[in-house]
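Worksheet for the structure shown next.
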Amino acid sequence: MSLDQIKLNEEVVITELLSHPMRRRLLDLGFIPGEEVKCVLISPFHDPKAYLINGGMIALRNTDARGVMVKYERD
């Protein structure tokens, strides 16, 4: 599942980053496999969404969030 598919207040763990034009930038922002991410805000038109990661809040467009593969912690 990709990061853009999670709903408000859901927490997931990053499993991998796909080849994507933003891949290097996402890694620099802390989107690293094994990190926990929580969706904390969704804009009125559902794009972008804001995610809490490593104590910081990062807003991503859905097209960029599709490059981040995640899973629920319970999986």
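For Leu8, are the conditions met, namely being part of a loop (DSSP other than H, G, I, E, B) and among the hydrophobic types (A, V, I, L, M, F, W, C)? Can you show your working first?
Values: part of a loop (DSSP other than H, G, I, E, B): yes; among the hydrophobic types (A, V, I, L, M, F, W, C): yes.
Taking the combined requirement at face value, the residue satisfies it.
Assess whether Asp47 counts as being touching a residue at least 12 places away in the same chain (Cβ under 8 Å), among the charged types (D, E, K, R) and loosely packed, with under 15 Cβ neighbours inside 10 Å. Talk me through it step by step, then tell me what you get.
Working: touching a residue at least 12 places away in the same chain (Cβ under 8 Å): yes; among the charged types (D, E, K, R): yes; loosely packed, with under 15 Cβ neighbours inside 10 Å: yes.
Against the criterion (touching a residue at least 12 places away in the same chain (Cβ under 8 Å), among the charged types (D, E, K, R) and loosely packed, with under 15 Cβ neighbours inside 10 Å), Asp47 qualifies.
Identify, from the list Met22, Met69, the residue that is in contact with a strand residue (DSSP E or B) (Cβ under 6 Å, 6 or more places away or on another chain) and not hydroxyl-bearing (Ser, Thr, Tyr). I'd like the intermediate steps shown before the answer.
Numbers: Met22 fails: in contact with a strand residue (DSSP E or B) (Cβ under 6 Å, 6 or more places away or on another chain).
Answer to the selection: Met69.
Considering each residue of the stretch 1-41, count those that are aliphatic (A, V, I, L, M) and without any contact (Cβ under 8 Å) to a residue 12 or more places away in the chain, and give that number. Steps first, please.
Taking the stretch 1-41 as the starting set, the residues that turn out to be aliphatic (A, V, I, L, M) are 1, 3, 6, 8, 12-14, 17-18, 22, 26-27, 29, 32, 37, 40-41.
The next check asks that each one be without any contact (Cβ under 8 Å) to a residue 12 or more places away in the chain; those that pass are 27.
Matching residues across the stretch 1-41 total 1.
Taken together, the values in this text are just the output of simple stated rules run on the coordinates, not laboratory data. Note that the structure is predicted; figures quoted are calculated from it, not measured. Because the Cβ atoms are built from the backbone with ideal geometry, glycine has one as well, and the counts that use them run over all protein chains shown.
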